[in-house]
1. Can you show me the helix-derived [θ] at 222 nm for the chain, built from DSSP H runs with n ≥ 4 at -39,500 (n - 2.57) apiece and divided by the number of residues, rounded to the nearest 500.
2. Compute the separation of the alpha-carbon centres of segment 153-201 and segment 8-32 and state it in Å as a whole number.
3. Among rounded, prolate and oblate, which fits segment 170-233 when a ≥ b ≥ c are the square roots of the eigenvalues of its C-alpha gyration tensor, a/c under 1.5 means rounded, and a/b larger than b/c means prolate?
4. Can you give me the C-alpha center-to-center distance between segment 36-88 and segment 114-143, rounded to a whole angstrom?
5. Evaluate Rg over Rh across segment 1-121, taking Cα atoms for both radii and Kirkwood's formula for Rh.
6. Determine, for 46, 57, the number of other Cβ atoms within 10 Å of each Cβ, and report the residues in order from fewest to most.
7. Dividing the convex hull volume of the Cα atoms of the chain by its residue count, what figure in Å³ per residue is obtained?
8. For all pairs of alpha-carbon atoms in segment 46-180, what percent lies in each bin of width 5 Å, listed from the first bin to the last filled one?
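Nothing in this text is a laboratory measurement; each read-out follows from the coordinates by a stated rule. All values derive from a computational prediction rather than experimental measurement. Cβ atoms come from the backbone with ideal geometry, glycine included; neighbour counts cover every protein chain shown.
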Amino acid sequence: MRPIERGSVPQVYARYEDAKQDLVNRLGLYCSYCERRIATLLAVEHIQPKALPQYAHLELVWENFLLGCVNCNSAKGDQDVILADVLLPDRDNTFAAYRYDSLGTVEVVTGPSESLAEATRELTALNRLTHSDWNDQVMFSALERVSQRVQAWEQAREALVDFQAGRTTARAIAREAAGCGFFSIWMAAFEGIPEVRREIIAAFPGTAADCFDALTAPVSPRPPNGLPHSAKS
Ligand SMILES: [Zn+2]
């Protein structure tokens, strides 16, 4: 899961929907949880759900916003989110917490933050193809989400072959990755090639650069960023 930095609040919002363009400008057209690139149907996602009375005051708060796709939004729904019990891409180094395989599965990396990473994966149902709250359309979209991951792997692997053969550049690969989405899959495919990974980090808007060292290995825990309950993974 791409670690992100949304930056300071751009303006005061009268409606939360009005924050979408600012979020897209800062973070790109990607779901903050599953990393898919979506030109439409990307929604302002409230980390702590506005429908729960205890979080109603967070409805228009920039620090409570991410961008979510229909699957991650629907799976998450109005479940209570206790900040101390999950990993969040704007606060933690979520890149260090998950591993992506070529079958489109998102695995949790073993370590001190394992149970928190598991909780976030469950919250957003990253590996699930069905869910009690999903209708047929959302289930189709979930299937698509997994098959898009597999396609991204294939595309990244082809780019790797081309790169090793000297047929393309790190910059061109990063541009292709940003057009495809699935930051973590591209980073995984180019593991051990910091020259390309640096370009990928730079090509996806809003990636938290402080989550990676000079050789693009994840820095974990993430350096403190002022958000509550940080410094876990
Ligand atoms: Zn998503």
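1. The per-residue figure over the chain is -11000 deg cm²/dmol.
2. Going from one Cα centre to the other spans 27 Å.
3. Prolate.
4. If we compute the Cα centre of each part, the gap is 14 Å.
5. 0.95
6. 57, 46
7. Considering the Cα atoms of the chain, their hull volume per residue is 117 Å³.
8. 2, 9, 15, 17, 18, 16, 11, 6, 3, 1, 0, 0
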